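Report on the following structure.
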Amino acid sequence: MRMYLSSFRIGDHPDRLLSLLDGPDTTGEVAVVVNALDALPDDERKTALGREADALAALGLRPVELDLRAFFDEQPGRVADALRRFPLVWVRGGNVFVLRHALARSGADHALIDLVRRDAIVYAGYSAGACVLAPDLRGLEQCDDPGAVMTAYGAAARQDGLALLDYVVLPHIDSPGHPETEVLTRVAELFRNAGTAHQPLRDGQVIVIDGESTEIH
């Protein structure tokens, strides 16, 4: 299992992200998922996608959007086939409940769980893209509005995560200037009091998982 989980954007260790790739593949393409922003206006979503693409291209990668909405209510094998062509998937932050719904409705949740556990793809991303890997999403409604799922898709929010991690990644902790740092610091305190396993990250920090090794930088 290979993962690069950042608090905010690429983080301070892009070299560790690149090191998780086995080597340059025949195309150099990587999938970019920005469905955590599906509740936003299209122009804002497009601008955010461009920012992610530029950041990944600066690392020598060739980002290609994989819009999970194209796979909604289709046979789950379709999105699995699409994901298999990429050595890495980059999952942008946004609203974790919106992202979770898009993963489920497209079948990408089961496809990614299988591919990541078989070490067939690198899972990378930040903020909500890391939070969604937790066993469940309870507590994150303090930061992300579950009602955004109704806005985006006309559906209720799910509470279950992908459970690829046995803890919750909490980004933007002790990160002055980020608008969510205060609320997520309060969530971290709630998790500590409740005994909920979690890993706080400051902006710039990353979790790097490579097989049995887990490092925080």
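Observations on the structure shown:
- Per-region count, segment 149-175, residues open to solvent by less than 50 Å² (accessible area, probe 1.4 Å) and assigned to a loop (DSSP other than H, G, I, E, B): 12
- Whichever residue in segment 86-99 is under 11 Å from the mean Cα position of the chain (by Cα) and open to solvent by 10 Å² or more (accessible area, probe 1.4 Å) and, among such residues, is nearest to PRO135 (Cα to Cα): ASN95
- Test: residue in segment 108-125 that is crowded, with 19+ Cβ neighbours inside 10 Å, in a helix (DSSP H, G or I) and at pLDDT below 95: no
- Residue in segment 137-145 that is open to solvent by less than 30 Å² (accessible area, probe 1.4 Å) and more than 20 Å from THR196 (Cβ to Cβ) present: no
- Being touching a Phe, Trp or Tyr at 6+ places or on another chain (Cβ under 7 Å) and open to solvent by 50 Å² or more (accessible area, probe 1.4 Å) is true of ARG105.
- Any hit, segment 137-157, residues being in contact with a strand residue (DSSP E or B) (Cβ under 6 Å, 6 or more places away or on another chain) and free of Cβ contacts under 8 Å to residues at least 40 places away in the same chain: no
- Only one of THR196, THR181, THR185 that is in contact with a His (Cβ under 6 Å, 6 or more places away or on another chain) and either open to solvent by less than 10 Å² (accessible area, probe 1.4 Å) or under 14 Å from GLN142 (Cβ atoms) (or both): THR181
- Test for SER127: is it in contact with a Phe, Trp or Tyr (Cβ under 9 Å, 6 or more places away or on another chain) and at positive phi: yes
- Test for LEU133: is it in a loop (DSSP other than H, G, I, E, B) and modelled with pLDDT of 95 or more: yes
The values are calculated or read from the model by the stated rules, or taken from the named source; none is laboratory data. Values in this document were obtained by computation on a predicted structure and should not be read as measured data. Note: ideal-geometry Cβ built from the backbone for every residue, glycine included; neighbour counts use all protein chains shown. Areas reflect the complete protein model, heavy atoms only, side chains present, ligands, DNA and RNA absent. Shrake-Rupley method; radii C 1.70, N 1.55, O 1.52, S 1.80 Å.
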